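The values are calculated or read from the model by the stated rules, or taken from the named source; none is laboratory data. Because the structure is a prediction, the values reported are computed rather than measured. Quick reminder, even Gly has a Cβ in these numbers, built from the backbone with ideal geometry, and neighbours come from all protein chains shown.
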Protein chains: 2
Amino acid sequence: MNKYNDDLAEPGFKTVTKRSNPVSQQDVANLAGVSKQTVSRVSNGLTNVEEATREKVLAAMSQLGYRPNSAARALRSGRFHNIGVIMFNLSEYGNVKTLDAVASAATAAGYAITLMPVASATEKEVTGAFNRLSEQAVDGIVILIEAHMLDASDVHLPPGVPVVIVDSNADSTYTVVDADQELGARQATEHLLALGHTSVFHVAGPKESFSAGHRADSWRRTLQEHGTEVAEPLYGDWSVESGYRAGLQLAPLNEITAVFCANDQMALGVLRAMHEFGRKVPESISVVGFDDTPDGAGYWPPLTTIRQDFSELGKQTLAALLHLIGGAKPGGRTIIPTQLVERSSTGPVPRP
Amino acid sequence: MNKYNDDLAEPGFKTVTKRSNPVSQQDVANLAGVSKQTVSRVSNGLTNVEEATREKVLAAMSQLGYRPNSAARALRSGRFHNIGVIMFNLSEYGNVKTLDAVASAATAAGYAITLMPVASATEKEVTGAFNRLSEQAVDGIVILIEAHMLDASDVHLPPGVPVVIVDSNADSTYTVVDADQELGARQATEHLLALGHTSVFHVAGPKESFSAGHRADSWRRTLQEHGTEVAEPLYGDWSVESGYRAGLQLAPLNEITAVFCANDQMALGVLRAMHEFGRKVPESISVVGFDDTPDGAGYWPPLTTIRQDFSELGKQTLAALLHLIGGAKPGGRTIIPTQLVERSSTGPVPRP
DNA sequence: GTGAAAGCGCTAACAT
DNA sequence: ATGTTAGCGCTTTCAC
C-alpha cells in the first residue's frame, strides 16, 4: 500500500530523465528543409508563410511529434498564459465551485491554472504560497481565501503581480470580486419574517471569516430594520457537526421558530438535531441555509436556501484578473447577486 | 455585474505589460558586486559560497525584490517542478478530495499543480487537455477521470510523458492507482447480509464509470457467493436526484429491506424518498452509501457508508508519478483499502 | 516569403 | 570560493 511512500520525503528527485520530448524547432526545420524561424511562424499561425511551405512544416511537425516548449516561449515573451490560484480548504463547496468556474473560463481564454494550496489561512502561509507562485511562471494570481487576515494591511504581497481576491474585505486596495453576502442574508431573513416569524435566530460561520461576518451583520441589520429583537448568534465552523451542536442547543427552545444558517452544511446539522429532538421542520421550526449546494434538495425536508452564483463569480474573477494583466489599475469591487431558493424547510409560524 | 464579460471572448490580450518583476540575477550581481553565477549559487542554496558573500547577495536580493524566473530555470534544466492534473467534474467529492491530497503532497515535494479541466469525459477532450498540458511545462500528468473511454486502446496519449491514472481500468498499460472498489462493495453487502437481510438491492452509478462497474460487479459476486438472489440494479448518475428517483421506485417494494448505494449522494436521495413514502430507516429498510462524505454523518439518519481514503489515494498517486518522473517504468497498480463506517442507517432485518 | 543573428534569464562545465 | 563561457528553445528584429 505504501510502496512509494519513502520517496515523498525527498524534496524532488535527483536522477531525472530529461524532458521526454526533445524535438525542437530546429529538428522540424531540418526535416522540412526550412529555417527554424519559419517553423516558429507556422507554430504561431502567422500568415506570411507560403501555403506549400506551411504544409511541409506541418507534416514534419506531426511526423516528429513536435510540441513547443512553453518554458522557452515564456522566457522569450515574458508571458506564461498561466494563472495561479491560492486556496485554503479545497473541501468547501463554494471555493471548489468557484475554482471550477475560474478554471473553465481560464481554459477558454487560453490560460492554464496553477493551484497553490495552503495548509492554513495564515498570513505566513499565504505569503509563502504567493512567493512560490511568483516563482512559478504565472501572469496573475487569484486568492480564494476568505479570512480577516487578508486585510491589505496584514499580508504583504510583493507589488506588481496582478491579484484578484475573491470573497474578502470591501476596504481592500486589491481588486475584489464577491457574492453579495449582504443581499443573501437579507433575503433569508426577510423570507422568514414574511412567513410571520417574530424573530429569526442565526447560526453564524466562524468569526475569522469575512463572508460569515457580512452575513451576520446583514442578518442583524435586517432584523433591526424590522424592529424585531436580535439574539446573539451561535457560531459554527461551517461543518455539519458544528451545525448539529448548535441545533442541539436550539431545539429545546420553543420560542425559536426560525433559524437562518450561514451555510447549507450547518443547516443540515441543525436539521439532524431537530429530527433527533422531535421538532418537525417546517411545522415547528423553519430552517434556511446559504450556498445552494447540490445536496440541499435531497435533505429532509428539502432545504430552502440562498443560491450563490459561483459560476458567475468565477467568470468575473477571471475577467477582472485578465484586465489587470492587460494593464488595468487594481482596486474596485464586483458584486454578484444572490437568490432565494424556496423549498420545503420553511413555512408559516406555528400556532401556539 | 458583467462589467468585464466582453473580454472573455478574446483569446488572451494583445497589449500586455511585460513581466512585472524584471529583476534579474545580473541586477543582483551588480548590486552585490559579484558575478551572476554566484547569485545563482546562492539562489539554489549551494554550499560553496563564502558566508560573507552569501549575505551580501541575500541583502541585494531582498533589496531588489529579486525572484527567480522559473521559465528560464526550466528551460535550462529541462524540469519544471510542475505536475499537470486532468480532471472532469470538479463537483464530485472524491475527485476533489483526491486532487487536494495530490496537491498537498506535490507542494510538500516542491511541485506545483497545473489544473486542466475538461468539459466532458470524451476521448477528444482528454487528448486535447493532454496536449495543452504537455505544451504547458509539466514533468508528469495525473488523470483523474473515471470512465471506460480511458481504456489504453481508446485514448492516445503521446508517449514519453509520465502519466498516472486514478480510478480507472485494471488492464491499463499505464500506471494506475485506485481505491479498492471491490473490497468496499463487498464490505457494504456483507454488512447488510450479516444483519440478516435476505438480499441486498443495489443503486449503481452510471454504466460508463469504471468504479461504478467494479462496485456493481463485486456486489453481485458477493451476493452469489452467499447464495442469495440478485436483482437487476437501478442505475443512477451519482446525483442526489437520481438516487431520489431510484428510491421512489424502491419504497413501495416491501420485500426490499436493504439497499446499497454506489455513493453517499444517491443514498441521500434514497433516504429522502423513504421519508416521503413513510418507510422508516433503518427499522423498515437499511441504506448504505459509499465514499464517506463529510455530510453523511449529518444525514437523517446518519449514514452507514464505505470510507475511501482519498488522502492516501492522492499521496500514492503523487508518489507513483514521482517515480515515473524519476525514470521508473510505467505500469502497475496500487490499491488503497476501504473501510466500513457504521452509523445509524442500517439495522437488523424487520420482523414481518 | 524567408533566413540569419541576437538574446530572454538561467545553470552546467570549465576555468581560475 | 568565485568568475567566464556556452547554450537551453524560442521569438523578435532586421536583412534579403
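Taking strands (runs of 3 or more DSSP E) as the structural unit, those lying wholly within segment A:283-352 and holding at least 2 residues that are crowded, with 24+ Cβ neighbours inside 10 Å correspond to A:286-288, A:305-308. Considering only segment B:247-255, I want to know if a residue exists there that is surrounded by fewer than 20 Cβ atoms within 10 Å (Cβ to Cβ) and within 13 Å of B:Ala204 (Cα to Cα). No, that holds for no residue.
Report, by residue number, each residue of segment B:40-60 that is of a type in the set (S, T, N, Q) and either away from DNA strand C (no atom under 13 Å from the Cβ) or assigned to a loop (DSSP other than H, G, I, E, B) (or both). Correct list: B:Asn44, B:Thr47, B:Asn48, B:Thr53. Among (1) more than 13 Å from chain A (Cβ to nearest Cβ); (2) within 16 Å of DNA strand C (Cβ to nearest atom); (3) at pLDDT 85 or above, which single condition is B:Asn82 missing? Tallying (1) more than 13 Å from chain A (Cβ to nearest Cβ); (2) within 16 Å of DNA strand C (Cβ to nearest atom); (3) at pLDDT 85 or above, B:Asn82 fails exactly one: (1). Criterion first (at pLDDT below 90, away from DNA strand D (no atom under 15 Å from the Cβ) and closer than 30 Å to A:Gly314 by Cα) does B:Asp100 satisfy it? Taking the combined requirement at face value, the residue does not satisfy it.
Among residues that are more than 7 Å from every other protein chain (Cβ to nearest Cβ), among the β-branched types (Val, Ile, Thr) and out of contact with any Ser or Thr (no Cβ under 9 Å at 6 or more places or on another chain), B:Thr127 is included.
Condition check for A:Ala74 on (1) in contact with a strand residue (DSSP E or B) (Cβ under 9 Å, 6 or more places away or on another chain); (2) of a type in the set (Gly, Ala, Ser); (3) at pLDDT 90 or above: one failure, at (3).
Only one entry in B:Val281, B:Val287 is without any contact (Cβ under 8 Å) to a residue 60 or more places away in the chain, more than 9 Å from chain A (Cβ to nearest Cβ), closer than 27 Å to A:Lys280 by Cβ and β-branched (Val, Ile, Thr), namely B:Val287. For segment A:79-95, a tally of residues being surrounded by fewer than 22 Cβ atoms within 10 Å (Cβ to Cβ) and among the hydrophobic types (A, V, I, L, M, F, W, C) returns 2. Check segment A:254-267 and report whether any residue there is within 23 Å of A:Ser218 (Cβ to Cβ), within 11 Å of chain B (Cβ to nearest Cβ) and among the aliphatic types (A, V, I, L, M). Yes, segment A:254-267 contains at least one residue that is within 23 Å of A:Ser218 (Cβ to Cβ), within 11 Å of chain B (Cβ to nearest Cβ) and among the aliphatic types (A, V, I, L, M).
Being free of Cβ contacts under 8 Å to residues at least 60 places away in the same chain, under 27 Å from A:Val240 (Cβ atoms) and out of contact with any Gly (no Cβ under 9 Å at 6 or more places or on another chain) is the filter here, so list the residues in segment A:96-125 that pass it. Across segment A:96-125, the qualifying residues are A:Val96, A:Pro117, A:Ala119, A:Ser120, A:Thr122, A:Glu125.
Any residue that is surrounded by 15 or more Cβ atoms within 10 Å (Cβ to Cβ) and touching a residue at least 24 places away in the same chain (Cβ under 8 Å) - is there at least one of those in segment A:43-54?
Yes.
To keep it simple, each residue is scored yes or no on (1) more than 9 Å from DNA strand D (Cβ to nearest atom); (2) of a type in the set (Ser, Thr, Tyr); (3) within 16 Å of B:Lys36 (Cβ to Cβ).
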{"site": "B:Asn48", "(1), (2), (3)": "no, no, yes"}
{"site": "B:Asn69", "(1), (2), (3)": "yes, no, yes"}
{"site": "B:Ala72", "(1), (2), (3)": "no, no, yes"}
{"site": "B:His81", "(1), (2), (3)": "yes, no, no"}
{"site": "B:Ala106", "(1), (2), (3)": "yes, no, no"}
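Taken over segment B:195-220, the criterion of being more than 21 Å from the chain's Cα centre (by Cα) and under 15 Å from B:Ala262 (Cβ atoms) is satisfied by B:Val200, B:Phe201, B:His202, B:Val203, B:Asp217, B:Ser218, B:Trp219, B:Arg220. Beta carbons closer than 8 Å, at least 6 apart along the sequence or on distinct chains, never pair a first residue in segment B:330-350 that is within 20 Å of B:Ser199 (Cα to Cα) with a second that is modelled with pLDDT under 90 and not in a loop (DSSP other than H, G, I, E, B).
Restricted to segment B:112-226, the set of helices (runs of 4 or more DSSP H) holding at least 2 residues that are at pLDDT 95 or above and in contact with a Pro (Cβ under 9 Å, 6 or more places away or on another chain) comprises B:181-194, B:210-225.
Looking at segment B:88-111, which of the residues that are within 16 Å of B:Leu321 (Cα to Cα) and either assigned to a strand (DSSP E or B) or hydroxyl-bearing (Ser, Thr, Tyr) (or both) is farthest from the other protein chains (Cβ to nearest Cβ)? Checked segment B:88-111; the qualifying residue farthest from the other protein chains (Cβ to nearest Cβ) is B:Thr98.
When B:Gln63, B:Gln25 are checked against the criterion of being away from DNA strand D (no atom under 16 Å from the Cβ), of a type outside the set (A, V, I, L, M) and modelled with pLDDT of 85 or more, B:Gln63 stands alone in meeting it.
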